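The values are calculated or read from the model by the stated rules, or taken from the named source; none is laboratory data. All values derive from a computational prediction rather than experimental measurement. Cβ sites come from the backbone with ideal geometry, for glycine too, and all protein chains shown count toward neighbours. Just so you know, the surface numbers come from the protein's heavy atoms only, side chains and all, with ligands and any DNA or RNA stripped out. Shrake-Rupley method; radii C 1.70, N 1.55, O 1.52, S 1.80 Å.
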Amino acid sequence: MNTNPNPLNPEQTKRISKFLSLVLRHDPAKIGLELDPSGWTSVDTLLKKMSASGPKITREMLEHVVATNDKKRFAFSEDGTMIRASQGHSVEVNLGYEAVEPPEFLFHGTVPKFVASIKENGLKAMSRHDVHLSKDRETAVNVGNRRGNALILTVRAGAMHRAGYPFYVSENGVWLTKEVPAEFIEFRN
Ligand code: HQG
């Protein structure tokens, strides 16, 4: 059990979390890091690269950021030697999640200005690999509110699944699918 006092204040934790999102999801080359095909990278190498060009942190600080992250964005391998982001990548990775049966309905938080395009084209992954969905409405409200006044779409995930669309759930509980055609979306809020 870790009985050490909190090694970081909340601002430092957030700054490091944002930096980890950047290098583990979007731009590993920024600090000369390489991700394996499943998105993993060595913890020792990450710490070394970060001490050369990034926030300098210790293994203990990294463990604190991973453990306290509000969305559990990062995961260590079982033996603790590797780390990756659990979802949200824009670089090509195969996270290896197994397709699973989704709940009958899932939610997506967006904003009114995107609705016309979503009605026409369905939900697209945009710059990420997958469309992100949640099993509870509240999470979708928080996601939508990042961009303005959240507008919540209900996705008929069960019907999509029966129609052959695969769904995945990330280690941190985000539901993922490649796209949601408009006919599976309920737009009334
Ligand atoms: C919208 C954060 C026009 C979509 C969050 C969204 C989440 C369309 C935006 C996670 C569209 C993409 C994901 C279409 C989709 N026309 N707009 N056809 N299809 N959109 O950030 O779901 O902090 O890639 O509604 O909390 O907002 O990164 O996806 O507004 O969990 O861990 O295009 O990112 O988590 O935006 O957010 P994003 P998202 P992290």
Among the lysines, which fall within straight-line cross-link reach of Lys49, defined as a Cα-Cα distance under 29 Å, with same-chain neighbours fewer than 8 residues apart omitted? Lys14, Lys18, Lys30, Lys71, Lys72
Bounding extents of the chain in its principal axis frame from Cα atoms, largest first in Å, are 49, 33, 32
Explain nothing, just compute: Karplus ³J(HN,Hα) = 6.51 cos²θ - 1.76 cosθ + 1.60, θ = phi - 60°, for every residue of the range 164-177 in order, whole Hz, x for Gly and Pro. x, 7, x, 10, 9, 10, 6, 4, 9, x, 8, 7, 10, 8
Accessible surface, the chain, averaged per residue in Å² (probe 1.4 Å): 56 Å²
Accessible surface of Ile16 - all protein chains present, 1.4 Å probe, nearest 10 Å²: 0 Å²
Just how far, in whole angstrom, is the range 35-93 from the range 171-189 if you go by their alpha carbon centroids? 28 Å
What is the sum of charges, Lys and Arg at +1 and Asp and Glu at -1, for the other residues whose Cβ falls under 12 Å from the Cβ of Gln12? +3
Given charges at Cβ of Lys, Arg, Asp, Glu: the chain dipole, positive-most of Ala125, Asn94, Thr41: Ala125
Mind putting a number on the dipole of the range 106-186 about its Cα centre? Charges go on the C-beta only, +1 for Lys and Arg and -1 for Asp and Glu, and I need it in Debye to the nearest 20. 160 debye
At what distance in nm do the modelled label points of Asn94 and Val141 sit from each other, each positioned 7 Å from its Cα along Cα→Cβ? 4.0 nm
Please list Leu47, Leu133 in order of solvent-accessible area, largest first, computed with a 1.4 Å probe with all protein chains present. Leu47, Leu133
Go through the range 15-28 residue by residue and turn each phi into a ³J(HN,Hα) via Karplus (6.51, -1.76, 1.60, θ = phi - 60°); whole Hz please, and just put x for glycine and proline. 4, 5, 4, 5, 5, 5, 4, 4, 7, 8, 10, 10, 8, x
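Pop out the Kirkwood hydrodynamic radius of the range 10-85 from its pairwise C-alpha distances, inverse of mean 1/r, in Å to one decimal.
12.2 Å
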Computed lengthening from Lys113 to Asp27, 0.36 nm per intervening residue step minus Cα-Cα distance: 28.1 nm
Exposure of Met82 as accessible area (Å², to 10), given a probe of 1.4 Å and all protein chains: 60 Å²
Positive-end residue of Asn142, Ala163, Leu24, charge dipole of the chain with Cβ unit charges: Asn142
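Scanning the chain for GluC sites (Glu not before Pro) in DSSP loops with at most 12 other Cβ atoms within 10 Å, what's the longest stretch left with none?
By the stated rule (loop sites, at most 12 other Cβ atoms within 10 Å), 105-189.
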Solvent-accessible surface (1.4 angstrom probe) belonging to Thr68, in square angstrom, nearest 10: 70 Å²
Helix 43-52: angle to the longest alpha-carbon principal axis of the chain, degrees 0 to 90, nearest 10? 70 degrees
